[in-house]
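Data block below; observations after.
The values are calculated or read from the model by the stated rules, or taken from the named source; none is laboratory data. Treat the numbers as computed from the prediction; the structure is a model and nothing was measured. In this analysis, Cβ positions are derived from the backbone assuming ideal geometry, glycine residues included, and neighbour counts consider all displayed protein chains. Remember, those area values only see protein heavy atoms, side chains included, never the ligands or the DNA or RNA. Shrake-Rupley method; radii C 1.70, N 1.55, O 1.52, S 1.80 Å.
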Amino acid sequence: MSAVELEKLRMSGAGKAIAVLTSGGDAQGMNAAVRAVTRMGIYVGAKVFHIYEGYEGLVEGGDCIKQASWLSVSNIIQLGGTIIGSARCKAFTTHEGRLSAAFNLVQHGITNLCVIGGDGSLTGANIFRKEWGGLLEELVKEEKITEDVAAKYSHLNIVGMVGSIDNDFCGTDMTIGTDSALHRIMEVIDAITTTAQSHQRTFVLEVMGRHCGYLALVSALASGADWLFIPECPPEEGWEDTMCARLGEISTFKFRSRGSRLNIIIIAEGAIDQKGEPITSNYVKELVVQRLGFDTRVTVLGHVQRGGTPSAFDRVLSSKMGMEAVIALMEATPETPACVVSLSGNQSVRLPLMECVQVTKDVQKAMEEKKFEEAIQLRGRSFENNWNIYKLLAHQKPPEEKSNFSIAILNVGAPAAGMNAAVRSAVRIGISEGHKIYTVNDGFEGLAKGQINEVGWHDVAGWLGRGGSMLGTKRTIPKTCMQNIAENIRTYSIHALLVIGGFEAYEGVLQLVEAREQYEELCIIMCVIPATISNNVPGTDFSIGSDTAVNAAMESCDRIKQSASGTKRRVFIVETMGGYCGYLATVTGIAVGADAAYIYEDKFNIHDLKSNVEHLTEKMKTDIQRGLVLRNEKSHDHYTTDFLYNLYSAEGNGVFDCRTNVLGHLQQGGAPTPFDRNYGTKLGVKAMLWISEKLRESYRRGRIFANAPETACVIGLKKKVVAFTSVCELKKTTDFEHRMPKEQWWLKLQLMLKMLANYQISLTEYVSGKIEHVTRRTLSIEKGF
């Protein structure tokens, strides 16, 4: 869209009305979506209405349809469930119910409807849209509305957002609520794991997923579960014998190792066998007790998974979707098909609603016809990859043949949650490929000092949920100890390095590559897995650990906001980490509904600070009498956190008072989020498979010789694909002084933060979503994690 078109769009809502409703099962993040739709709708000049109790409220009308204001959605972003209510409505499935709904919408002049719900809710909305013209004709015949009114409101626009914790809507990367549900599941698994220090027990965990095994699959991958049941892939005949034999082997090892003596079996509530008969959690429990005599417990998580506060990912996802939904409604014409707003990589996209619904129905049909392989493929490449990686990592299989290659794995830089998941999966895949795997303690310094140990499959058991770095990590870079590194690479016959860490890891590998001419020992394969809370490594959109850090900062800010609600007219200034990179401050700011986020990349001066203070002063005169301002630690040399505190305190004198908080290292700590566990696991697998391939390519005359630029790469997620980019190529796009890439995709999020905080800004930088079609071919393309 051109700047002129966007500014036209800025006022395109004048005279229009938008209604938003939530339908079906609730999902964490729905409130963030309602907030974004409401504020974006008001921002473009439209009237916005909330429909209470879903389609039931649409049919009932009256007080169930209320006009919303900017303040009516304040302080809801952190709430689970949906503040406008949800209900399953039989009346709307009837013609009479839809006729009543049409009358209620016309009464308020509403012709733009945003529906947040599952496939049933969205299909119902599409039927309503198709019937709209006929329903208005009936209302004219019944003399409930005039022909002029029918002509004025002749077309209904529909945009959907999928709210479902099951992530079962085909074509979408992630649905609202899925990430938060995984947080609840992992919290329970982590809590259960601690009891294993006292008893040798088996836990059977039943998670939601009547028709879709996504939650069970990803939680098994993120917890290292010993066995998994999902509806899309029933176990082979005789699975009872295989499972018990496997659990017996695992338990024997765990008991001997005195490590975590816990067996975990995860089962989706819709799990079935090859004949289509249900496999229940109680049946699995009785089987383990009778065959193995293990002390076994069943935990059914149930509605716990729907509860609690939404994760940062769900808040940002819902906010992005809500903004895009309003723009899609404003751009809609009578010829535009009803669409679903979704996420593809980190970009908003619009998918034709009925294409998604059709493929979702095809999955169910394939499962009913017992075509389970087809069902997994229709779920999409990401689901299929999760399943294949789980099978690779869950049980040790002897390699087809031993290789003569040795690979060393080390952590470099500051600790980041998820590092251990990457090490675990890389070690296990390396062993499966037949390589000798070494781990190095204390990064490049440990490599120089010879702190190198060979590891086996079971040495990394139980690492998935551990925060920090089990190997130990330091910021030392190779140029301080290059000769010793080269000597130890030769001594231990290391043929490849897998370096997991932040900017120092990338910079360190670049130094090793540049020293290849001087040290032939460095002509080996090298790969960097970005792992840093700052998300400042070139070559990737996301680094391992940044999701955990954003959630830690968000939880702290939620508490700060809560304390402010008891004190009128107070502004909190919160400092986040991240060096010069403002990712943490920006994404946390969106997730907590901050009033401003000061970052180095978005230059600001005293005039900007003055207008922000004035903005907050005006806000304090409304019913919302608290403010939250984030500042990245190196956003400005002179406008420090103390300076901002003094400025805001002086200018707000008599209107509001100020407090400061420096979040510091709490952003690094804690257990990794499900996203970071899953992301770390997948990057570890893909990096090790890439290293194996490059080793075979570089093997000449009984030795490895690799000096081409493409033999030393950073693995990363770019938009929606995993890519390997040469460190030499990335050097051109790196700002070494400020330790970050010269271009960063997430800077566009600043626009969303400012708009949702009610700043009068231009939409010229907004990138609206494109239409993408959903077919079996598009589902086979991998779309990240």
Ignoring ligands and nucleic acids, what accessible area does residue 660 show with a 1.4 Å probe (Å², nearest 10)?
-> 60 Å²
Give me the distance between the Cα centres of the range 541-615 and the range 60-96, rounded to whole Å.
-> 29 Å
Using a 1.4 Å probe, what is the accessible area per residue for the range 529-602, in Å²?
-> 22 Å²
Given a Förster distance of 22 Å, the FRET efficiency implied by the Cβ-Cβ spacing of residue 718 and residue 760, rounded to the nearest 0.05, works out to 0.05
Tally Lys/Arg at +1 and Asp/Glu at -1 over every other residue whose Cβ is under 10 Å from the Cβ of residue 728; what's the total?
-> -1
Net +/- balance of residues flanking residue 615 in space, Cβ distance below 12 Å, scoring K and R +1, D and E -1 = -1
Quick one: ranking 619, 634, 449 by accessible area, 1.4 Å probe, largest first, what do you get?
-> 449, 634, 619
For percent of Cα pairs over 33 Å apart, which listed value, (i) 70; (ii) 59; (iii) 55, comes from the coordinates shown?
-> (iii)
When ranked by the protection proxy of mean other Cβ atoms within 10 Å per residue, highest first, what sequence do the peptides 382-394, 521-533 form?
-> 521-533, 382-394
What is the packing order of peptides 586-598, 269-281, taking the mean over residues of other C-beta atoms within 10 Å and listing the highest first?
-> 586-598, 269-281
Residue 395 to residue 662: extension gain in nm, 0.36 nm per residue of separation minus the Cα-Cα distance?
-> 91.7 nm
The chain, dipole about Cα centre (Lys/Arg Cβ +1, Asp/Glu Cβ -1), debye to the nearest 20 = 1060 debye
Among 289-301, 666-678, what's the highest-first ranking by average C-beta atoms within 10 angstrom per residue?
-> 666-678, 289-301
From the Cα gyration tensor of the range 327-406, with a ≥ b ≥ c the square roots of its eigenvalues, which class applies: rounded if a/c is under 1.5, or else prolate if a/b is larger than b/c, or else oblate?
-> oblate
Under 18 Å Cα-Cα from residue 144, which lysines qualify once same-chain neighbours fewer than 8 residues away are excluded?
-> 152
If you put +1 on each Lys and Arg Cβ and -1 on each Asp and Glu Cβ, how big is the dipole of the range 594-674 around its Cα centre, in Debye rounded to 20?
-> 140 debye
Positive-end residue of 385, 216, 723, charge dipole of the chain with Cβ unit charges = 723
Over the range 645-692, average the accessible area per residue using a 1.4 Å probe and give it in Å², no decimals.
-> 35 Å²
Rounded to the nearest 500, the 222 nm mean residue ellipticity computed for the chain from DSSP H runs (n ≥ 4, each -39500 (n - 2.57)) alone is -13000 deg cm²/dmol
Of the accessible area of the chain, with the probe set at 1.4 angstrom, what percent is carbon plus sulfur?
-> 49 percent
Excluding residues fewer than 8 places away in the same chain, name every one of the aspartates and glutamates whose C-alpha is closer than 13 Å to that of residue 285.
-> 206, 240, 295
Do any chymotrypsin sites (Phe, Trp or Tyr not before Pro) in the range 501-546 lie in a DSSP loop with no more than 13 other beta carbon atoms within 10 Å, and if so, which?
-> none
Filter on 320/634; 371/720; 682/718; 320/754; 686/720; 391/719 - keep pairs with C-alpha separation over 18 Å = 320/634; 371/720; 391/719
Among 376, 308, 334, flag the residue with its Cα farthest along the positive direction of the charge dipole of the range 288-387, charges on Cβ as +1 for Lys/Arg and -1 for Asp/Glu.
-> 308
Just report the Cα centroid separation between the range 638-696 and the range 705-772, whole Å.
-> 17 Å
